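Contents: one structure, followed by commentary.
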Amino acid sequence: MKKPIVAITIGDPAGIGPETCVETLSQKEVYEKMNPLLIGAEGTIKRAMALKESNFKLNVITDVKEAIFKFGTIDLLVTGEYDCESIEYGKVQKLAGQMSVDFVLKAIELGNEGIVDVVGTAPIHKEAIKLVGIKEEGHTEIFENNTESDFGLTMFHVRNLRVFFLSRHMSLRNACDHVTKERCVDYLEKINQIFESIGFDNPKIALAALNPHASDNGLFGNEEELELIPAVKEAQEKGLNVVGPVPADSVFHLALQGHYDSILSLYHDQGHIACKTLDFERAITITWGLPFMRSSVDHGTAFDIAGKGIANYISLYESVMVAADYWDMKNNR
């Protein structure tokens with residue numbers, strides 16, 4: 001059975017990404033499921049290996065063909081030479097922003113060319129990448145724009161919860177205006193397409209409600225009546241197995257119990273709070289719709305603990321392991 005090549009970008013070198021990458025690639029089961037390599041800077045990874053007291057061999061490469069993919073060796077694809085010693089843990093720095101962007105763009109290049117199958121990303125810092133002129137809000141937008149993808153759908157995965165988001169980084173007031181029948185139907189169709197591609201037959205998708213109690217027949221808002229109920233009806237007429245709108249205070253619990261294969265959440269915090277409360281460390285992100293699979297941790301650079309050797313690697317570990325599982329579902333069935 002073929003294993004995917006998984007490229008993991010090490011994130012902002014002033015954050016916890018490098019040390020969590022080193023610890024993730026110190027787990028034998030990672031190599032059993034995939035062929036992993038890091039994309040980063042040699043000085044940064046050497047510092048992280050010293051911090052974690054790693055005795056693994058470091059194989060510094062400039063071409064994926066040079067990777068060994070063997071437990072006990074960390075393959076590191078470098079993107080250039082940087083003054084790594086000048087990087088201070090826990091601070092926003094222009095060089096750190098430039099490095100993190102270079103790592104991501106290299107991973108996208110390899111993914112676009114089909115050289116790697118999955119890209120996993122450690123956290124970057126939004127302020128740092130702004131210092132080098134990046135206009136996108138974050139990782140997902142950079143991936144979308146540099147792959148010329150028709151769409152990029154963010155999915156949270158935690159335990160058996162799979163949650164998509166109708167909107168992400170916008171104010172709650174704007175997010176409410178973003179809830180339209182047309183947009184919901186479009187997302188529901190894409191979710192159905194994604195799940196069919198990984199082997200789900202007639203996946204059951206729940207559309208979350210916007211208002212308390214799904215508005216109680218108009219007592220608490222009219223978005224359900226005007227937008228969400230018509231969206232569900234249209235999706236059903238198109239042959240999709242969609243239910244809802246389901247009140248948000250119960251839809252995540254019901255999905256956890258196995259009633260739904262996935263949920264379309266209507267705004268950022270509606271789904272994030274549920275998933276992160278369930279299991280903060282194992283709540284990870286998969287981005288669908290790109291030419292390759294992309295996964296990410298769902299935490300930031302954690303500048304307050306960077307360089308102290310106490311960062312928990314589980315989220316990064318989980319993100320690449322889950323992505324490898326989804327890749328396997330899509331390619332080895």
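The values are calculated or read from the model by the stated rules, or taken from the named source; none is laboratory data. Predicted model only: the values in this text are computed from it and were never measured. Ideal geometry is used to build each Cβ from the backbone, glycine not excepted, and the neighbour counts take in all protein chains shown. Surface areas here come from the heavy atoms of the whole protein model, side chains and all, with no ligands, DNA or RNA. Shrake-Rupley method; radii C 1.70, N 1.55, O 1.52, S 1.80 Å.
Summary table
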read-out: Qualifying positions in segment 261-300 - basic (Lys, Arg), open to solvent by 10 Å² or more (accessible area, probe 1.4 Å) and either in a loop (DSSP other than H, G, I, E, B) or touching a Gly at 6+ places or on another chain (Cβ under 8 Å) (or both); value: 282
read-out: Members of segment 237-260 found to be open to solvent by 40 Å² or more (accessible area, probe 1.4 Å) and on the phi > 0 side of the Ramachandran plot, listed by number; value: 239, 258
read-out: Candidates 115, 124, 134, filtered to the one that is among the hydrophobic types (A, V, I, L, M, F, W, C), open to solvent by 20 Å² or more (accessible area, probe 1.4 Å), in contact (Cβ under 8 Å) with a residue 12 or more places away in the chain and farther than 22 Å from residue 169 by Cβ; value: 115
read-out: Criterion: without any contact (Cβ under 8 Å) to a residue 60 or more places away in the chain and open to solvent by 70 Å² or more (accessible area, probe 1.4 Å) - qualifying residue of 75, 102, 83; value: 83
read-out: Selection within segment 126-172 - closer than 23 Å to residue 205 by Cβ and in a helix (DSSP H, G or I); value: 140, 144
read-out: Filter result (polar (S, T, N, Q) and surrounded by fewer than 21 Cβ atoms within 10 Å (Cβ to Cβ)) within segment 301-333; value: 312, 331, 332
read-out: Condition broken by residue 54, with the remaining ones in (1) assigned to a strand (DSSP E or B); (2) more than 18 Å from the chain's Cα centre (by Cα) satisfied; value: (1)
read-out: Subset of segment 27-45 (residues that are out of contact with any helix residue (DSSP H, G or I) (no Cβ under 8 Å at 6 or more places or on another chain), free of Cβ contacts under 8 Å to residues at least 40 places away in the same chain and either surrounded by fewer than 21 Cβ atoms within 10 Å (Cβ to Cβ) or not in a strand (DSSP E or B) (or both)); value: 32
read-out: Pair list, Cβ under 7 Å, 6 or more apart: segment 1-21 residue closer than 25 Å to residue 63 by Cβ and open to solvent by 10 Å² or more (accessible area, probe 1.4 Å), other residue among the basic types (Lys, Arg) and not in a loop (DSSP other than H, G, I, E, B); value: 3/33
read-out: In segment 221-253, residue nearest to residue 203 (Cα to Cα) [restricted to those that are polar (S, T, N, Q) and assigned to a helix (DSSP H, G or I)]; value: 236
read-out: Residue check, residue 310 assigned to a loop (DSSP other than H, G, I, E, B) and free of Cβ contacts under 8 Å to residues at least 24 places away in the same chain; value: yes
read-out: Members of segment 243-264 found to be closer than 22 Å to residue 149 by Cβ and in contact with a Leu (Cβ under 7 Å, 6 or more places away or on another chain), listed by number; value: 264
read-out: Among residues of segment 173-210, those that are part of a loop (DSSP other than H, G, I, E, B), of a type outside the set (A, V, I, L, M) and surrounded by 20 or more Cβ atoms within 10 Å (Cβ to Cβ), counted; value: 1
